[in-house]
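Novice: Here you go, one structure.
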């Protein structure tokens, strides 16, 4: 064979073939990536994106779940106007209750989780493991079981543990109907939620504290840090900002997710004298009991807005500056 | 001199008297946290005579399995036996966990190691969705479930819960720790994505998968939402739902005993799984930070 033609052939065919297989590989890779992503993206869109979008859309309509939604009066803002001006239950009970509940159990539960995690980090690993398990246990009970436990503990007759104890100690003469009373229900809800607030965010912060490089502390003490308080604010928290942020987001979500607790404890929606009525219960009341779904959707949008606001604060505090 | 650095006491190897104050605080708090759990255990093993006792006593004197026996014999008002609900819950929970793990692992791998245009956007959206509160949009979710024709089927218990933003977030962060070279080397040896996922990434990120399994388990095993809203057929409802009806209808101490027994059946799998996997969870949490 003629050597020059062979060289020519090689020059012509090899890069072409290599390029073609590379292109084929790129296409294969693209297809594979799409297949890997598709199920999650599809499910995420259907059950998270679409519901949020639908809530926003429906909030501008009158919709009773049977007839097609109608665009609401006042340029679609009717529901919002009604909520903010006419809904006495919302303005007098639901909004103040929700804010009180969210502020105490969100940031409160968060600070509590951090303090507990920090203290756990100061002891040896074996006992730490068991104590962390004890603190985490309430968060894995779930709403139903928590309802069972606290409904019998706070039972309104003298067979309830708390009432029996109070009577034994001579503090009260007749049992208090804790869960049906407007005076006590919110307090019990706050207690139960804080008790069960040490969940995944707490574990994240514990891991974060344990992973901080010890040399950071040594350097800080050489630089003149004097006590544990300064240590926490100048070293610990700044060194674990990502975990602090994750913990904060989990605390916020936890606080709003646990909103059904008042209904679980009292056994009725609306809760007695609206004492434990939170925005989540108000949504259920309008959506699933009265079938005013447009109105309920507007309430949902307000709730999502409040959650977003809380999260913005958390990102402002702990997020890395862009 | 070195010992005077207070900071070196984080994660101490040895006991030091300075730790006593933490124990003095943490041990009572820890006991207080699990007190209600002890209470359920006590209730569950109490015979009727002790459940009716006044004043109520925390400690059981004659423990018995009566409550469990009665629980397993009970049936709902519509005649569906309790064991049916438990069976449903087991099937639904298992399927949900398996599917969640597969979907989350595949997506986490793509988001961590592949190059494509929307990569950053998808991750950002998922990160925003960490604060998604499903109960806030229960109604539109119900409309989606109805629109897809899932109502009244087993799928209604499973499909709406498969996309778990926290799970994807944790798995993706964990896969980020796997060196790219490992995957490149496997590719040169001719491995495709399936091999890389099952032979390399999967085994390496087991702790994160264990964590996602736990989170998914806790959500599905404990939820009553799907039974309350999506499913009408009583024979397709879950154990958590059955338990919530127990506490609503059966008033009085006898009911409380059965409810406590059911509570333990709910809680023990949770506890067992978490204790087995606690180390894995803590491993995963080391990479859980949001940047």
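Values in this text are rule-based calculations from the coordinates and carry no lab data. What you see is a predicted model; the values in this text were computed from it and never measured. Here the Cβ positions follow ideal geometry from the backbone for every residue, glycine too, while neighbour counts run over all protein chains shown.
Novice: Could you work out how much longer the chain between residue B:18 and residue B:177 gets when fully extended? Use 0.36 nm per residue separation minus the Cα distance between them, nm to one decimal. All intermediate terms of the calculation are to be shown ahead of the outcome.
Specialist: Details: separation 159, 0.36 × 159 = 57.24 nm, distance 3.62 nm.
Value of the extension gain: 53.6 nm.
Novice: Between residue B:146 and residue B:235, what length in nm is gained on full extension when 0.36 nm per residue of separation is reduced by their alpha carbon distance?
Specialist: 30.1 nm
Novice: Show that you can apply the helix-only estimate: for chain A, add -39,500 (n - 2.57) for every DSSP H stretch of four or more residues, divide by all residues, and state [θ] at 222 nm to the nearest 500.
Specialist: The helix-only estimate for chain A comes to -21000 deg cm²/dmol at 222 nm.
Novice: Between residue A:168 and residue A:35, how high is the FRET efficiency from 1/(1 + (r/R0)^6) when r is the Cβ-Cβ distance and R₀ = 60 Å? Nearest 0.05.
Specialist: 0.35
Novice: Same structure again: Please report A:217, A:80 as a ranked list, fewest other C-beta atoms within 10 angstrom at the top and most at the bottom. Can you show the working numbers first?
Specialist: Working: A:217 22, A:80 18.
The fewest-first ordering by Cβ neighbours comes to A:80, A:217.
Novice: Let me ask you something else. By counting other Cβ atoms within 10 Å of each Cβ, how are A:306, B:171, B:29, A:111 ranked from fewest to most?
Specialist: Ascending Cβ contact count within 10 Å gives the list A:111, B:29, A:306, B:171.
Novice: Which FRET efficiency value, to the nearest 0.05, do you get for residue A:124 and residue B:78 by plugging their Cβ-Cβ distance into 1/(1 + (r/R0)^6) with R0 = 41 Å?
Specialist: 0.15
Novice: Now for a different question. In deg cm²/dmol, rounded to 500, what helix-only [θ] at 222 nm does chain B give when every DSSP H run of at least 4 residues adds -39500 (n - 2.57) and the total is split over its residues?
Specialist: Counting only the DSSP helices, I get -19500 deg cm²/dmol.
Novice: For a quick size check, give me the Cα extents of chain A along its three principal axes, largest first, whole Å.
Specialist: Per principal axis, max minus min of the Cα coordinates gives 114, 69, 36 Å.
Novice: Just rank A:104, A:188, fewest to most, by other beta-carbon atoms within 10 angstrom.
Specialist: Fewest to most other Cβ atoms nearby, the residues stand as A:104, A:188.
Novice: Is there a simple number for the mean count of other chain Cβ atoms within 10 Å of the Cβ of residues in A:127-140, and what is it?
Specialist: 6
Novice: Between the alpha-carbon centers of the range A:112-185 and the range B:257-291, tell me the distance in whole angstrom.
Specialist: Measuring centre to centre over Cα atoms gives 19 Å.
Novice: Right, another one. Take peptide B:78-88, look around each residue's Cβ out to 10 angstrom, count Cβ atoms belonging to other protein chains, and average those counts.
Specialist: Counting other chains' Cβ atoms within 10 Å and averaging over B:78-88 gives 0.
Novice: Something else: To the nearest Å, what is the center-to-center distance of the range B:8-72 and the range A:38-102, using C-alpha atoms only?
Specialist: Cα centroid to Cα centroid, the span is 43 Å.
Novice: Let me ask another. Between residue A:215 and residue B:199, how high is the FRET efficiency from 1/(1 + (r/R0)^6) when r is the Cβ-Cβ distance and R₀ = 35 Å? Nearest 0.05.
Specialist: My answer for the efficiency is 0.40.
Novice: I would also like to ask the following. Please report the orientation-averaged projected area of the protein assembly as shown, defined via the convex hull of its C-alpha atoms, in nm². Walk me through the intermediate numbers first.
Specialist: Working: hull surface 152.3 nm².
With every direction weighted equally, the projected area is 38.1 nm².
Novice: Something else: Hey, got the average number of other protein chain Cβ atoms within 10 angstrom for residues in B:34-40?
Specialist: Mean shielding by partner chains, rounded to a whole number: 6.
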